[in-house]
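Values quoted throughout were computed directly from the atomic coordinates according to the rules given, and no laboratory measurement underlies them. Just so you know, these numbers come straight off a predicted model, no measurement behind them. So basically every Cβ, Gly included, is an ideal-geometry build from the backbone, and we count neighbours across all protein chains shown.
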Amino acid sequence: MSETEKIQKLFNDLHSGEPWLDVTLTGMLKGLTASQASAKPLDNLHSSWDVVVHIMFWRTNIYRKLIGENPVKEDEPKDWDPVEDTTETAWQDTLKCLEENKNLLSQAIADTAPQRLDDIYKPNNTTFYELLHGIIQHDVYHIGQIVLIRKFI
């Protein structure tokens, strides 16, 4: 198995497979209603929905870096923009977008030649290997947030 295949497996397992930590993003979101997903049990805490949108923002950022695009586009929502529409339909749409978002990055990882992992993404002097492991670590951190948020709702 190549290094990119290993990274892709780690990423996919964390999203909805069988990761080492026994918690997946989709597993933590399963069964949440829009009301629960948008709940902010503490004043300074984000909702699970906010966290999901944040995760997608950064996955998109890494995806675009991998394919050579500008990671942030001016006409798109910014990081941690508030969720405005908290209807059940909007929540289901968000979950569909999350799956599409995962599929895009997963495919980009698969399409990355292993030797490219050592290449440096010049704007922040980070290797693609570090960027990919970084997004996995980012997902783990925020899954932990969702675990805690769920305990309070």
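Counting helices only, and only those DSSP H runs with n ≥ 4, report the 222 nm mean residue ellipticity of the chain as the sum of -39,500 (n - 2.57) divided by its residues, in deg cm²/dmol to the nearest 500.
Details: 6 runs with 92 residues, N = 153.
Helix contribution divided over all residues of the chain: -20000 deg cm²/dmol.
Based on the Kirkwood radius over alpha-carbon pairs, what is the Stokes-Einstein translational diffusion coefficient of region 3-152 at 37 °C with 0.692 mPa s viscosity, in µm²/s?
Rounded, D is 205 µm²/s.
Simple spin-label model, 7 Å along Cα-to-Cβ: C97 to V140 in nm?
Each label point lies 7 Å from its Cα, and together they span 2.7 nm.
For M28, M1, which order do you get if you count the other beta carbons within 10 Å of each Cβ and list the fewest first? Please list the in-between numbers first.
Values: M28 20, M1 7.
Least crowded to most crowded, the residues run M1, M28.
Take each of the peptides 99-110, 83-94, 47-58, average the number of other beta-carbon atoms within 10 Å over its residues, and list them starting from the highest. Write down the numbers at each step before the final one.
Working: 99-110: 17.3, 83-94: 13.7, 47-58: 21.1.
The densest-packed peptide leads the list: 47-58, 99-110, 83-94.
Would you mind checking which residues have amide H under 5 Å from T127's amide H? H placed 1.01 Å from N; only 5 or more apart, or other chain.
Y121
Where is the GNM fluctuation largest for the chain (alpha-carbon springs, 10 angstrom cutoff): D81, D119, D43?
The residue with the greatest mean-square fluctuation here is D43.
Of L21, L32, L132, which has the largest mean-square fluctuation in a 10 Å C-alpha GNM of the chain?
L21
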